[in-house]
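Values quoted throughout were computed directly from the atomic coordinates according to the rules given, and no laboratory measurement underlies them. Just so you know, these numbers come straight off a predicted model, no measurement behind them. Note that we place each Cβ from the backbone using ideal geometry, even for glycine, and neighbour counts take in every protein chain shown.
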Amino acid sequence: MSDRLSQEQSEPTSVPAIRLRGISKAFGAVQANADIDLDIATGSIHGIIGENGAGKSTLVSILYGFYAADGGVIEIDGSTAIIRNSSDAIAHGIGMVHQHFMLVPTFTVLENVMLGAEGGAMLSAGRAETHRELEKLSREHGLEIDPDALVGDLPVGLQQRVEILKALRRGARVLILDEPTGVLTPDETDRFFDILRALRGEGVTIILITHKLREVMEVCDAISVMRNGRMVGNRSPSETSREELAEMMVGRKVLLEARKSDAASTGVALTAEGLTWCDVDGVTRLNNVSFELHAGEILGVAGVSGNGQSELLNLLAGILQVQTGRIRIGGHEFGRARQANPALMRDLGLAHVPEDRHRRGLILNFEARENAVLGYHNGLVAGAGAFINPASMQKHCQRLMDRFDIRPPNPRLRARNLSGGNQQKLVLAREIDAGPNVLLVGQPTRGVDIGAIEFINDQLVDLKEAGCAVLLVSVKLDEILALSDRVMVMNAGRVVGIVPRDRADHPTIGLMMAGIAGGAAA
Amino acid sequence: MPDLWIDLLHILDATLRLATPLILCAMAGLISERGGVIDIGLEGKLLAGAFAAAAVASLSGFAMLGVLAAVLVGAALSLVHGFACITHKGEHIISGVAINILASGLTVVVGIALFQQGGQTPLLGPEERFGSIALPLAATLGGVPVFGPLYSELISGHNILVYIALASVPAVYFLLYRTTFGLRLRAVGEAPEAIDSAGLSVTRLRYGAVLIAGCLCGLAGAYLSIAHGAGFVREMSAGKGFIALAAMIFGKWRPWPVLFACLIFGFLEAIAARLQGTEMPVIGVVPVEMILVLPYIATVILLAGFFGQAIPPRALGTPYVKER
Amino acid sequence: MSATALPRWAEIGLIPLVNLTLAFTVSGVVVALIGENPVEAMSIMLKGAFIYPGGLGYTLYYTTNFIFTGLAVSVAFHAMLFNIGGEGQASLGGLGAALVCLALDPFLPGLIVVPLAVLAAAAFGAGWALIPGYLQAYRGSHVVITTIMFNFIAAGLMVGLLSGPLMRPGQSSPQTREFAGGTNLAYLHDWARALGFDVASSPLNLSFLVALAAALGVWILIWRTKFGYALRAIGQSDPAAVYAGIRVPRMIVIAMAISGALAGMMALNEILGVQHKLILNWTSGYGFTGIAVALMGRNHPVGIILASLLFGALFQGGAELDFEFQTITREMVLMIQGLIILFSGALALMFTPVLGRIFAVLKAGRARDA
């Protein structure tokens, strides 16, 4: 009943809050936005979806004044608006919460909220005033926060709140949210959506950038789909489906489920026993993590990022030092007394596709052929003895490029000039080509176009069927559920449980991700 | 006993005088680096400021004009640094090294062109320099036992730039922590993206920081040539810019600890001059150079982490580029 | 350094040329402002550097120094380490060479002493760079600050030693006694004359050839060995290097040691080749010039040799200017050097966008015609 009422309250008025006509923006040779038309109704939650590189972030960055459009018109509440910088955008009542927070970690919440609108040359004047405003906004929107807390100490969900409060305090009537739920658990996401609905009830217009089809169907009033810099269609959730949206995003029919096959389980390839790990600040990131990884299976690690998965991968790969616990692989045991390192792990048959391919998996300024031996550069494939042989590196790279269909197949090309999908394929090719017994994979399809996603998924399944043990970490729950033989859920550094595939579904895993152990350990 | 006291006062007196250019340069470096711009070029700005002050004071006959010239030259060099680092996203370190070498060369080239004295300026007369200022009642209070000389010798009797240098520390503190500009400056050195998304200009704030730094360095240079000294001599900055850099790191980028470091380093220099040629028990004659390099050794030891971590501002040295 | 949108030849050849032209133009303006004729000054510089008798020899003698210090800076820079400590490391190199000569030259022939002195120079230079390297790798101390500090510490150390224990007995000036004649490196003008060429005397000596060999060695090390691959990896991306199993702290220390060793070898030229004794301040700022050379030469040995030649000509030409003009001294060279570092370093990419657009237009034109 109340739902319908709030719907009526936010009936779109005849003048859209935001109207874009013919917005275009090119970065060098890349046309990030091409002739975009978009209407966003006042007091609605409007979702913009698209793949990586579709141009969504560019579009809203133009709206927020980060970039100037090459062409086109922006109308706000019916009148043309000139937005040259963020100052103009803020003046027009536009606020933005970015994907990567723009907060000063060493400042308090209050100082972060004050920044830019301090209320005078002396801080003392504005402090009390801002405190009052903050309290008022907190109460009104249910966004509790401690103004004197250091932002750097706050958990991610609360940091996001600070960002929202910042925008609201500057009088935002249009709130842009860029991939806001990437860092939230399903539970936190639900609460976040409640806040959005409440804001909508007060007439705030919300633009939600996301690639999560499920969420956009759940909370949005209208959905716009972008592909390759163009706006390809507008739908309302009631008249479309995830399949249709995916098809619009990609341009062809898409298999949302990867092919499954049974685990060819044989012996144990890797054992983790009682791994506990604290970071430099003393925060416990891994808490007594134990599991066995079998040859011929894919063990998927589910969980919102920041719950210890990254640390687990880096620990197993030998990048982080073991503090407590043991790792057993290839007949060797590592622990506090005897530490592993990445080179040693590789020798023992472990390969690692890191979560951050730009910082770890590749050296962007190196040519593809040099990247093709990264981690294996001390071996014969790079050259004999102490020397490296560019010709043999080139041959090796060519082989990888042919086998994994990496385009353009030019070993002399610098890695930064490859697309995201091809970069990831290069990393994967390199690691798989080494013939590992254990493969650690982190976020294999992040920032990768759907064509490459399908290819990568196939490669992982092939690898598993050939007897390799695969540990797959991904924040994409769909991907985990589609590929894994068993699913291990992590929350706050602990293993909540390990569930075999037939019992792994969204509700079960979702509960576990929130820390509630429903399923049994395998 | 009273002799020792007077001796000590003289050393502390010298400490203040020697620490003055360090304090001004260290405050300059502090502001610049808090804003995210590394400043290795303190030495060059110091030298250039010293030359400008002496040259203009000599040519015009007025010390004040010399100070003005020094401040302008310092500001000009800092604009060059800013242009390279902020606008063109060049390497801060390299720009700093360039400015140091440029100043070394340019001061002598212009000096010879103007004065034909091999790079020096002519000796300056009293109006062209800053003399000591006697604080009120210094003479009368001087007779008071113990504390009299403390007032009349140590506290009173410095030239105005010394007092300005000392006053600059609370001023910088106030600026950084009590004003809006200071809040924004600290933000830009830690997380420039926060400034950008708040609708403020990272570039403008950083230029503001380097300009203030340039002016302070110029002032320090003026002190060297027309207050402490009586004219410009080739390479008269003698590494003080680097000692100031060391003091800034030693003080962990906070005004009062940095002042403390400057005073310690000034003290070391004062002692070195005193101990020259004096026989010490056990060690024998201490070469002056050993004492003079103590600030450098101390900084290295600090940086090696033996006095706790010296953590610089998070965005120091990284040009701000909007994420695509 | 970083990749730009320009073709490789433009990045390596055109941009440095543009920056150089700019530096010289600004210098020319200063020269004009102090009342001299910039064109005349330039011509005197060139003649002094290359044409006048002995000029080329002197130029190449300076070039030798810069090749060593330039290589030193570049090796460290491939690991993204700014080694500003060339002055101090070279200084210590001289100390090493001097100690060996002073200790051994009464007893052993030059043929044995000289190689040992070379090793000592490299070792001492390496040692002086190793400490800042270690501090950076294992304690996180910024290598720029520590190397600057070590420059000053070295200077103080030298004064202390040369006015004290190492001072020539019976004298009061801070320098050692002369080394035995057998330890002197052969002058190349002597070799040239032996081959029948009538060549004016200059300090150019055998160490020039050693410098060229070092340049070749550095090229092989950086681009043709696994060590070099690992070094470049660290310089490009520390996390990727760790991921690849590269032991980063160890490599940093080794890189700094190699860098310091190269700087230390400058002592071959100055101490063994020319001075034949250890004096104060013989490094004369050449360590800093090495930074300019490495920048101009884009950290590649070929570029470094060319840039060293440029600066060699600058220094020798500057000496000629000093000689011929009342109003110009060697500090003019310092000024030009500062401008070159400014334009080739900090402002290196100033013209990249402009040139990039020009190239884009040209490319589009060619595509149209194709």
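Things to note:
- Using the Cβ-Cβ distance between B:F174 and B:M64 with R0 set to 22 Å, the FRET efficiency from 1/(1 + (r/R0)^6) comes to roughly 0.30.
- Nitroxide proxy distance, nm - points 7 Å out along Cα→Cβ at C:S201 and B:I133: 6.1 nm
- If R0 is taken as 25 Å, the Cβ-Cβ distance between A:A343 and A:S305 corresponds to a FRET efficiency of 0.40.
- Across all Cα pairs in chain A, the calculated P(r) in 20 Å bins from zero up to the longest distance comes to 20, 51, 27, 2 percent per bin.
- Going from the residue with the fewest nearby Cβ atoms within 10 Å to the one with the most, C:T59, B:T15, B:T203 rank B:T203, B:T15, C:T59.
- Scaled radius of gyration (Cα, divided by 2.2 N^0.38 Å) that the protein assembly as shown gives: 1.03
- Tail fraction, Cα-Cα pairs, segment A:268-513, threshold 32 Å, whole percent: 19 percent
- Building the convex hull from the alpha-carbon atoms of segment B:3-133 and averaging its projection over directions returns 10.1 nm².
- Here each label is just a point 7 Å from Cα along the line to Cβ, and for A:E244 and B:R274 those points are 8.9 nm apart.
- Summarised as an ellipsoid, segment A:10-87 has semi-axes of 22, 15, 10 Å, derived from the eigenvalues of the Cα gyration tensor scaled by 5 and square-rooted, with the largest first.
- Likely footprinting exposure, C:D190, B:D196, fewest C-beta neighbours within 10 Å first: C:D190, B:D196
- Expressed as a fraction of 2.2 N^0.38 Å, the value expected for a compact globular protein of N residues, the C-alpha radius of gyration of chain C is 1.04.
- Applying the Karplus relation 6.51 cos²θ - 1.76 cosθ + 1.60 with θ = phi - 60° to segment A:61-68 yields 3J(HN,Hα) values of 5, 5, 4, 8, x, 5, 10, 9 Hz, where x marks Gly and Pro.
- Using a simple spin-label model with pseudo-atoms 7 Å out from Cα toward Cβ, B:A76 and A:E129 lie 4.1 nm apart.
- Trypsin sites (Lys or Arg not before Pro) within segment A:336-390: DSSP coil, no more than 12 neighbouring Cβ in 10 Å: A:R336, A:R338
- Hydrodynamic radius (Kirkwood) for segment B:46-194, which is based on Cα pairs only, to one decimal in Å: 18.7 Å
- Segment C:238-301 - Kirkwood radius from inverse mean 1/r over Cα pairs (Å): 14.2 Å
- Tail beyond 29 Å, pair distance distribution of segment C:60-207 (Cα, percent): 28 percent
- Computed FRET value (nearest 0.05) for A:D37 with A:S87, which takes r as the C-beta separation and R₀ as 25 Å: 0.45
- Look at the alpha carbon pairs under 8 Å that are at least 6 residues apart: their mean separation over the length of chain C gives a relative contact order of 33 percent.
- Value of [θ]222 nm, deg cm²/dmol, for the protein assembly as shown, DSSP H segments ≥ 4, -39500 (n - 2.57) each, nearest 500: -16500 deg cm²/dmol
- Here is the P(r) of segment A:293-434: all C-alpha pair distances, binned every 10 Å from 0, give 11, 36, 34, 17, 2 in whole percents.
- The alpha-carbon positions of segment A:350-493 define a convex hull whose volume is 116 Å³ per residue.
- Spherically averaged projected area in nm², based on the convex hull that wraps the Cα atoms of segment A:180-244: 5.0 nm²
- Loop-located GluC sites (Glu not before Pro) in segment A:132-200 (DSSP state other than H, G, I, E, B) with a sparse environment of at most 14 neighbouring Cβ atoms within 10 Å: A:E144.
- The per residue volume of the convex hull around the alpha-carbon atoms of segment A:306-360 is 81 Å³.
- Summary of packing: across the peptides C:201-212, C:139-150, A:408-419, the per-residue average of other C-beta atoms within 10 Å ranks them, highest first, as C:139-150, C:201-212, A:408-419.
- Mean silhouette area of chain B, derived from the convex hull of its C-alpha atoms and averaged over all directions, reads 19.1 nm².
- Dmax and Rg, reported as Rg then Dmax, of segment A:103-171 (C-alpha, Å): 11.0, 32
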